[in-house]
Amino acid sequence: MKEEGEREVVTPGEVLGKASDVRAGRGAYLAPHNNLVYASLTGFRRALSPSPDSPDQRPTVEITDHKAHGAIPEPGSIVIARVTRVMAKMASADIMCVGPKSVREKFSGIIRQQDVRATEIDKVDMHLSFRPGDIVKAIVLSLGDARAYYLSTAKNELGVVSAESTAGATMVPISWTEMQCPLTAQIERRKVAKIGG
């Protein structure tokens, strides 16, 4: 049984309720660190009543009628993003695709130093991991601050999938930490995504 809630507009990062009171449906997610349910997109909040015989009697909160109807990043989504800026402790990126689907509006992502790789986290040098213009494959951790998603490349298959060298050529990965320019043979450091296998 579905029940229409009030037509209340919510935006990403808005608290929808406690996990003890509501379940996260489409367009919402549960943050395990504080057990709160948050909106992950802009739209109308709607509560769906559980069926009377359901063992879980919490209503499901979902966000509907989102204006873009494009792909929306959610925690656990694999995304493709273009790095826009690299700083000492983090890199920022524009999310271009969620899985195989392209996004229709701008979503920003942040890769923090501790989320670049799984080992030797304290030794990560952001400038040796990413450069502006790099195309990276990452997983969405959560909706962070200022409506930017926290992204992680801390798995072998995640990281830079395409990068241009200073000479303007598409570089070839030669190890997990290096890519080489086919024109100049110059080697540049990157957090490289393992291709295949």
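The values are calculated or read from the model by the stated rules, or taken from the named source; none is laboratory data. Everything numeric here is computed off the predicted structure, so don't read it as measured data. We place every Cβ from the backbone using ideal geometry, glycine too, and count neighbours over all the protein chains shown. Remember, those area values only see protein heavy atoms, side chains included, never the ligands or the DNA or RNA. Shrake-Rupley method; radii C 1.70, N 1.55, O 1.52, S 1.80 Å.
What the table shows:
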item: The range 71-93, residues that are open to solvent by less than 50 Å² (accessible area, probe 1.4 Å) and in a strand (DSSP E or B); result: V79, I80, A81, V83, V86, A91, S92, A93
item: Enumeration of residues in the range 32-54 that are under 22 Å from the mean Cα position of the chain (by Cα), aliphatic (A, V, I, L, M) and at pLDDT 85 or above; result: L36, V37, A39
item: Strands (runs of 3 or more DSSP E) within the range 99-197 that include 1 or more residues farther than 30 Å from A71 by Cα and open to solvent by 50 Å² or more (accessible area, probe 1.4 Å); result: 178-180, 187-189
item: Pair list, Cβ < 6 Å and 6+ apart or interchain, from the range 123-135 residues that are of a type in the set (D, E) to residues that are buried (at least 18 other Cβ atoms within 10 Å of the Cβ) and not in a loop (DSSP other than H, G, I, E, B); result: D134/V83; D134/V160
item: Filtered residue count, the range 12-64, keeping only those that are open to solvent by 30 Å² or more (accessible area, probe 1.4 Å), touching a residue at least 60 places away in the same chain (Cβ under 8 Å) and outside any strand (DSSP E or B); result: 1
item: Residues of the range 77-121 that turn out to be at pLDDT 90 or above, under 19 Å from T42 (Cα atoms) and of a type in the set (G, A, S), as a count; result: 3
item: Residues within the range 6-26 that are at pLDDT 85 or above, farther than 11 Å from T60 by Cα and touching a Leu at 6+ places or on another chain (Cβ under 9 Å), tallied; result: 2
